[in-house]
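Working notes, structure below.
The values are calculated or read from the model by the stated rules, or taken from the named source; none is laboratory data. Keep in mind it's a predicted model, so treat the numbers as computed, not measured. Positions of Cβ are generated from backbone atoms using ideal geometry, with glycine treated the same way; all protein chains shown enter the neighbour counts.
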Amino acid sequence: MPDFPIVDAHLHLWDPQYFAIPWLDGNATLNQRFTPAEFAEHTRGVAIEAMVYLEVDLDPHYALLEPGWVAARAQEDPRIKAIVAHAPVEHGERARSFLDALVGASPLVRGVRRLLQGEPEVDFCLRPDFVRGVQLLAEYGLSFDICIYHAQLAAATELVRRCPKVSFMLDHLGKPNIKDQLLDPWREQMRELAALPNVICKVSGAVTEADREHWSSADLRPYIAHVIEVFGEDRVAFGGDWPVTLLASSYRRWVETLDELTAELSEVARRKLWADNAKRFCRI
């Protein structure tokens, strides 16, 4: 366990009785209320200084209500310091009206995530309107979180290349196939992405890409080591991905596992991974 307070750069909260969240239907583990009270219980014994909320793929009709709901949760737990909200950037210039409303919804809004992992086209993010919508974020001072599966990495890298004024955060290591221990071509594609200066990588979501019932720290080691190698100590940030992580691990086990796998880093590098880089990127 880190011996200093950490920053969780990837927290989800939701109440399925308040918002429609279709992807939770039929998921007994996740289709329930997860608010600051439940988070406090699940993270007992872990010193957390601050958290960044990530949008939870609500029914799009509720998207502009989400930041206000999260801001209210931040009144319950003031460690919630930033929000990464949904925005329909695929609408290109037409997304301006949404972005205008979004930045007015809460001063905690720091970035945008438009989920890509479920898109059947691997290069969906390279549609001209999508690229233009992401480029607009620079005008609003907003970052963009990339949430993809590893097969979409090449396209995501090109998106980053086409938006040099936007800061990007890659979620969940780019979702490599850890369960089957597939490292290539993920390794080289991650190296290509890391060569671009305007993107950092969230060390999160690894356990749910592994064998959820039988994973070990050894399964995760080559993936986490590679990310830290190619992105360097200044461009990696811890994310808990709670409560999604409950599909494979308790919050504490994930923290302890990552702490074990990064024990050889210098004290400065550890503090960057666990707190400082997220603070800088999310302007906490």
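Numbers below:
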| read-out | value |
| --- | --- |
| Residue satisfying condition, being modelled with pLDDT of 95 or more, within 21 Å of residue 114 (Cβ to Cβ) and among the charged types (D, E, K, R), within set 25, 59, 77, 8 | 59 |
| Residue that is surrounded by the fewest Cβ atoms within 10 Å (Cβ to Cβ) [pool: residues in segment 134-162 that are within 17 Å of the chain's Cα centre (by Cα) and in a loop (DSSP other than H, G, I, E, B)] | 149 |
| Test result for residue 131, at pLDDT 95 or above, among the hydrophobic types (A, V, I, L, M, F, W, C), in contact with a Phe, Trp or Tyr (Cβ under 7 Å, 6 or more places away or on another chain) and not in a loop (DSSP other than H, G, I, E, B) | no |
| Candidate set from segment 210-240 (those that are over 27 Å from residue 165 (Cα atoms) and acidic (Asp, Glu)); member that is surrounded by the fewest Cβ atoms within 10 Å (Cβ to Cβ) | 213 |
| Residue 196 touching a strand residue (DSSP E or B) at 6+ places or on another chain (Cβ under 9 Å), within 30 Å of residue 96 (Cα to Cα) and modelled with pLDDT of 95 or more | yes |
| Positions within segment 82-133 being buried (at least 17 other Cβ atoms within 10 Å of the Cβ) and among the polar types (S, T, N, Q), in sequence order | 106 |
| Hits in segment 1-17 (condition: exposed (fewer than 13 other Cβ atoms within 10 Å of the Cβ) and either of a type in the set (A, V, I, L, M, F, W, C) or in contact (Cβ under 8 Å) with a residue 40 or more places away in the chain (or both)) | 1, 4 |
| Members of segment 18-42 found to be without any contact (Cβ under 8 Å) to a residue 24 or more places away in the chain and not in a loop (DSSP other than H, G, I, E, B), listed by number | 24, 41 |
| Residues being aromatic (Phe, Trp, Tyr) and buried (at least 24 other Cβ atoms within 10 Å of the Cβ) - total across segment 169-209 | 0 |
| Test for residue 92: is it of a type outside the set (D, E, K, R) and out of contact with any strand residue (DSSP E or B) (no Cβ under 7 Å at 6 or more places or on another chain) | yes |
| Test result for residue 209, at pLDDT 95 or above and more than 10 Å from residue 248 (Cβ to Cβ) | no |
| In segment 67-88, the residues that are within 19 Å of residue 136 (Cα to Cα) and either small (Gly, Ala, Ser) or assigned to a strand (DSSP E or B) (or both) | 83, 84, 85, 87 |
